[in-house]
1. Can you name the number of the only condition in (1) buried (at least 24 other Cβ atoms within 10 Å of the Cβ); (2) among the β-branched types (Val, Ile, Thr); (3) in contact with a strand residue (DSSP E or B) (Cβ under 7 Å, 6 or more places away or on another chain) that residue 277 fails?
2. When the residues of the stretch 501-526 are narrowed to those that are surrounded by fewer than 24 Cβ atoms within 10 Å (Cβ to Cβ) and assigned to a loop (DSSP other than H, G, I, E, B), which ends up modelled with the lowest pLDDT?
3. Could you identify the single residue in 157, 218 that is in a helix (DSSP H, G or I) and touching a residue at least 40 places away in the same chain (Cβ under 8 Å)?
4. Do you know which residues across the stretch 151-208 are of a type in the set (Ser, Thr, Tyr), buried (at least 20 other Cβ atoms within 10 Å of the Cβ) and under 21 Å from residue 301 (Cβ atoms)?
5. Take residue 92 and tell me if it is farther than 19 Å from residue 4 by Cα, more than 9 Å from the ligand (Cβ to nearest atom) and touching a Ser or Thr at 6+ places or on another chain (Cβ under 8 Å).
6. Is it the case that residue 59 is over 25 Å from residue 514 (Cβ atoms), within 16 Å of the ligand (Cβ to nearest atom) and among the polar types (S, T, N, Q)?
Amino acid sequence: MPKINVTVNGRPVEIEQGATILDAAKLAQVKVPTLCHIEGLEPTGSCRICSVEVEGRRTLVPSCAEPATDGMEIKTNTPRVLTARRQMLQLLLANHPDDCLYCMRAGDCDLQQLAQDAGIRERAWRRGEHRSHPVDRSSPSVVRDPEKCILCGKCVRVCDEIQGVSAIDHAGRGFDSYVLPAFDDELASTVCVNCGQCVAICPTGALVERSDLSRVWRYLADESLVTVVQTAPAVRAALGLVYGFSGKDAEERMATALKQMGFDHVFDTQYSADLTIMEEGSELLKRIQDGGPLPLITSCSPGWIKFAEHFYPEYLDNLSTCKSPQQMLGAMAKTYWAEKMDIPPESIRVVSVMPCTAKKFEAERPEMETSGGRDVDAVITTRELIRAFAEMGLDFDTVEPGEFDNFLGSSTGAGAIFGATGGVAEAALRTVFNLLTGENPGPEDFSAVRGSDGVKEIELTLPDGSTVRGAVTHGLGNARRLMDQVAAGEKEYAFVEIMACPGGCVGGGGQPYGADTRRTAELAGELYKIDEERVIRFSHENPEVQRAYEEYLEEPLSHKSHEILHTHYRGRKKYTSEDDDRS
Ligand code: FES
């Protein structure tokens, strides 16, 4: 790629032809604020907060949307630029509700930060307190406050261009423009899959997760209850990043921190990830032997499940009947563990800490009930856990490393990698290989499913010389493309792993703000390190999972397993609450 030379605030920079002015500024280590820009997507130039001065141009130019040209002299901090930026912020603030002290993004809001950086201490204009759109709390996962929206359009683009869902869009004109679901319907009655990618990218708190933290504090304060918590693999990796520890160190400190929070028992979703592999690996082999339905498609991502229910109902029989690891752990805690501990299931409350907002929806699904009650009683995201630690004044740095409780806290390396795209497929193939050959595969045997490519393919040779092909994809836009190829007969697979979020659970909508591809790769790397360091790396070797089969479940796919660990899904139509056939 040919290079060009520009200057940014007088500093010479050499950059690839076609790069934007914003790229040049980054290379010169000059921070230009952005609101509507999304790395990797075509710029829209709609918010103009990134405007800069270019020598010889009469008007300011949006740096995210304008290509740099050879010899360009760029200035990012002239009085003209700074005044324009302040005015644009004032216009946005004129329309913005004043509850930033206590809104869900308080202290972590991009708009608030920009206003502070720009030295804005009071509002120049106020558009009145009239609220034309109420807060939408209909969704179990996402709360939507249209009045906080600054129309940057990032949520619309992520939902459409990355996730291929298009649950929300711009509506209205001029001052009456809003971002809304189709027909101004409540979010819960739309095709929204609850993935929370819009929440993760919204710069102002117009979209936030529905917090279940108050419910969790109530459980913890109720002495008649036995409280159990489980944490997904990606949570420990994110805590490590936030607090400055490796994934392994964060995992051990998190176990202690959750005890300090007041949980009676700290379990690990990685245990039930191992259990999922035992069931799903056996299900795959059974379907191959019985002639289908194939491909077997993974079912641990609730965003993907709802997407399939809306857009690919003809493939619902292809979904693995396994509940997700979150639901399996809840079901096992209220059956097997409850029996062994002689605790009535109705006095147990299972709380999950997940990187995913869709897990809140999953926990409330009517399909997810065993023992007469919900498998999981409350779900908080990684962000909510971090807020809980802050609320209780917990200093993560000084927390002593601890351990998960026996026996639902025991896990293998295979359970850890579930949090990264390709992890479920790799963990399953390790066990399938063993079931077929009686031997364990080598560490590199399934490395084709690692990495951040949108679609990855792999082939497994069976002992009879035949091969099975599989595919892995992440991000629902990629999933849609892959499913369309499968439907058109262009691709034939025995199994497909689909994760709704880009990068897999490490890139979930409930993770700390500021996700990008580099960060999700870093978090995945922490999970692979945990896997490498585990003494046991194969789900079928998890001694506690083996014990559960001996003492309770009998064998994978047994009648008992089916009762507790498996489920089925039903199709949904695409648009309004009237169309939704859940009821
Ligand atoms: Fe460049 Fe919005 S960030 S126009």
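The values are calculated or read from the model by the stated rules, or taken from the named source; none is laboratory data. Please read these numbers as outputs of a predicted model, since none were measured by experiment. Quick reminder, even Gly has a Cβ in these numbers, built from the backbone with ideal geometry, and neighbours come from all protein chains shown.
1. Among (1) buried (at least 24 other Cβ atoms within 10 Å of the Cβ); (2) among the β-branched types (Val, Ile, Thr); (3) in contact with a strand residue (DSSP E or B) (Cβ under 7 Å, 6 or more places away or on another chain), the lone unmet condition for residue 277 is (3).
2. 515
3. Details: 218 fails: touching a residue at least 40 places away in the same chain (Cβ under 8 Å).
That would be 157, the only listed residue that is in a helix (DSSP H, G or I) and touching a residue at least 40 places away in the same chain (Cβ under 8 Å).
4. 190
5. no
6. Judged against the criteria, residue 59 is a match.
Each row is one residue, and each column tells you yes or no for (1) in contact with a Phe, Trp or Tyr (Cβ under 9 Å, 6 or more places away or on another chain); (2) on the phi < 0 side of the Ramachandran plot.
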{"position": "176", "(1), (2)": "no, yes"}
{"position": "182", "(1), (2)": "yes, yes"}
{"position": "186", "(1), (2)": "no, yes"}
{"position": "194", "(1), (2)": "yes, no"}
{"position": "202", "(1), (2)": "no, yes"}
{"position": "206", "(1), (2)": "no, yes"}
{"position": "213", "(1), (2)": "no, yes"}
{"position": "227", "(1), (2)": "yes, yes"}
{"position": "231", "(1), (2)": "yes, yes"}
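One line per residue, one yes/no per condition, for (1) of a type outside the set (S, T, N, Q); (2) in a helix (DSSP H, G or I):
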site	(1), (2)
397	yes, yes
402	yes, no
406	no, no
430	yes, yes
441	yes, no
445	yes, no
